[in-house]
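Chemist: Dropping the structure in here first, questions after.
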Amino acid sequence: MVLGGRMRNLNGRISAMDRLAIVVPCYNEEEVLKIASEALRETLGDLVSKNKIAPDSFILFVNDGSRDRTWELIEEEHRLYPNQVCGVKLAGNVGHQFALTAGLLTAMERSDVTVSIDADLQDDVAVIEEMIDKFHGGSDIVYGVRRERKSDTFFKRTTAQAFYKLMAMMGVKTIYNHADFRLMSKRAVEQFSQYKETNLFLRGMMPLIGYQTDSVYYDRKERVAGESKYPLKKMLALAFNGISSFSVKPISMILGLGLFIIVCSILAAVYALISYFTGSVVPGWTSLILSIWFLGGLQLMAIGMVGQYIGKIYMEVKQRPRYNIEKVLEGESLVKEQEA
Ligand code: UDP
Ligand code: MG
């Protein structure tokens, strides 16, 4: 079967040369754009000369509604290197997760494999080669994982680590110390495109896709220039979005708390009754304290119960794919029937 001039084997894996698209979301990155373009072009050239990717591989810069000269610079790079540097201009700033998704979905139709990386080159471009090797070895998703966080400030390091731990506690599967530097095969991006939810938290969604995955390790560097586009406010928003988009555990916790308080109120009842009969209480205290505890618990439990339904509705409206079929083994007669 020949698709787009490339040979595919039965599982859809392209066996000859794969066209790589490096997707780079950019928001106000005029200071780093040229440097990033040069480093990534060099990486592409290197991989092409080693025959690891097709010569028509390219970089796709996604301009996320930058207010500086980022887009002009992308246009300029495209003029200079029309085959290697491509660009997508979003009409306004939609945030890193959406910009990256726009880039991945645009690249999906034009490439066989994608690598997403930040414009500031904090992630090591040298490990892209290792990612491609793992892809050729059969992995559909290869995560770039930070070995250490020496270059981050103490604050960023501890908050980030607390975040991964909290996510795990909430039952959200994420890859520890992996941000959005990752390789995805075409079919992994295609499956990802089936997730229609608008509250995007890519790091949580990738493990849902399935397929064979692998990781490569690197040391995260300092930003080459410019400053972080992820201030604390955006980081907290991302963290909250990550938890609330993937887990209805907070609702279950309310239910649990309600039940716990009802149990407490029963204990309080025993205590209050003992106090009442031993005569060491102000009149009216017993009934008052019992109603407060019991009603409080009842209300929390009721809210938690209603929450369970809301949680279910929430999961339903996402309309996520329920499964991803990787392979089907079937008899030859069936295969012939389908081809006819
Ligand atoms: N970014 C984006 N839209 C935004 C914010 C950031 O496309 O609204 C891009 C940014 O240009 C960079 C990547 O997301 O390529 C990661 O941002 P940054 O390096 O500032 O985050 P940090 O590494 O500090 O967490
Ligand atoms: Mg960065």
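FYI, it's all coordinate maths here, none of it is from the lab. None of the values given here were measured: they were computed from a predicted structure. Heads up, the Cβs are rebuilt from the backbone with ideal geometry, glycines too, and the neighbour counts pull from every protein chain shown.
Chemist: First check a/c for the stretch 184-229, with a ≥ b ≥ c the square roots of the eigenvalues of its C-alpha gyration tensor; if it is under 1.5, answer rounded, and if not, answer prolate when a/b is larger than b/c or oblate otherwise.
Modeler: oblate
Chemist: Which semi-axis lengths, in whole Å and largest first, follow from the square roots of five times the eigenvalues of the Cα gyration tensor of the stretch 146-230?
Modeler: The three semi-axes for the stretch 146-230 are 25, 16, 14 Å.
Chemist: For the chain, take N as its residue count and report Rg(C-alpha) divided by 2.2 N^0.38 Å. Please list the in-between numbers first.
Modeler: Details: Rg = 26.4 Å, N = 340, 2.2 N^0.38 = 20.2 Å.
My calculation over the Cα atoms of the chain gives 1.31.
Chemist: Grab the beta carbon distance between ASP68 and PHE260, set R0 = 51 Å, and tell me the FRET efficiency rounded to 0.05.
Modeler: Details: r = 53 Å, r/R0 = 1.03.
Efficiency, rounded to the nearest 0.05: 0.45.
Chemist: Same structure again: Mean residue ellipticity at 222 nm from the helices of the chain, using -39,500 (n - 2.57) per DSSP H segment of n ≥ 4 over the full residue count, to the nearest 500 deg cm²/dmol?
Modeler: Details: 11 runs with 167 residues, N = 340.
The helix-only estimate for the chain comes to -16000 deg cm²/dmol at 222 nm.
Chemist: Oh, and also: Can you pull the percent of Cα pairs in the stretch 129-195 with separation above 14 Å?
Modeler: Considering the stretch 129-195, 68 percent of its Cα-Cα pairs are separated by more than 14 Å.
Chemist: Hey, another quick one. Residue separation times 0.36 nm, minus the C-alpha to C-alpha distance between TYR271 and GLU197: what's the value?
Modeler: 21.6 nm
Chemist: With an 8 Å Cα cut-off and a minimum separation of 6 or more residues, compute the relative contact order for the chain in percent. Show your work: numbers first, answer last.
Modeler: Values: 512 pairs, mean separation 55.0, N = 340.
RCO, the chain: 16 percent.
Chemist: Report, to the nearest 10°, how far helix 232-246 tilts away from the longest principal axis of the Cα atoms in the chain, using its own Cα long axis and a range of 0 to 90°.
Modeler: Helix 232-246 sits at roughly 80 degrees to that axis.
Chemist: Please label the shape of the stretch 74-122 as rounded, prolate or oblate, based on the square roots a ≥ b ≥ c of the eigenvalues of the alpha-carbon gyration tensor (a/c under 1.5 means rounded; beyond that, a/b larger than b/c means prolate, else oblate). Please list the in-between numbers first.
Modeler: Numbers: a/c = 1.43, a/b = 1.19, b/c = 1.20.
Taking the square roots of the gyration eigenvalues as a ≥ b ≥ c, the stretch 74-122 is rounded.
Chemist: Follow-up question, since we're still on this one. Once both axes come from the Cα atoms, what is the angle between helix 249-278 and the longest principal axis of the chain, in degrees from 0 to 90, rounded to 10?
Modeler: The angle comes out near 10 degrees.
Chemist: Classify the stretch 207-284 as rounded, prolate or oblate from the Cα gyration tensor: take a ≥ b ≥ c as the square roots of its eigenvalues, call it rounded if a/c is under 1.5, otherwise prolate when a/b beats b/c and oblate if not.
Modeler: Prolate is the answer for the stretch 207-284, as a/c is 1.5 or above and a/b outweighs b/c.
Chemist: Further question on the same structure: Test of understanding: extend the Cα→C-beta vector of ILE35 to 7 Å, then name every residue of the stretch 185-227 with backbone N under 18 Å from that spot.
Modeler: Once the point is set 7 Å along Cα→Cβ of ILE35, 219-227 turn out to lie under 18 Å by backbone N, inside the stretch 185-227.
Chemist: I would also like to ask the following. Enumerate the lysines that LYS134 could reach by cross-link, defined here as Cα to Cα under 19 Å, with residues fewer than 8 away along the same chain left out.
Modeler: In chain and number order, the partners are LYS50, LYS52, LYS186.
Chemist: For the stretch 31-93, which semi-axes, largest first and in whole Å, follow from the square roots of 5 times the eigenvalues of its Cα gyration tensor? It would help to have the intermediate numbers written out before the result.
Modeler: Numbers: eigenvalues 112, 24, 17 Å².
Square roots of five times the eigenvalues give 24, 11, 9 Å.
Chemist: Could I ask something else about it? Which pairs, out of LYS156/LYS229; LYS249/LYS312; LYS34/LYS196; LYS173/LYS249, put more than 23 Å between their alpha-carbon atoms?
Modeler: Check vs 23 Å cut-off fails for LYS34/LYS196.
Chemist: Expressed as an acute angle from 0 to 90° and rounded to the nearest 10, what is the orientation of the C-alpha long axis of helix 285-317 relative to the principal long axis of the chain?
Modeler: 20 degrees
Chemist: Can you pull the semi-axes for the stretch 184-316, root of five times each eigenvalue of the Cα gyration tensor, sorted largest first, whole Å?
Modeler: Values for the stretch 184-316, descending: 50, 20, 13 Å.
Chemist: Given the convex hull of the Cα atoms of the stretch 27-147, what is a quarter of its surface area in nm²?
Modeler: It is 7.5 nm².
Chemist: Run the Debye formula on the Cα coordinates of the stretch 115-259, all scatterers equal and no solvent, and tell me log10 I(q)/I(0) at q = 0.18 1/Å.
Modeler: -1.17
Chemist: What is the local net charge at SER66, summed over the other residues whose Cβ is closer than 11 Å to its Cβ (Lys, Arg +1; Asp, Glu -1)?
Modeler: Overall, the nearby charge balance is -1.
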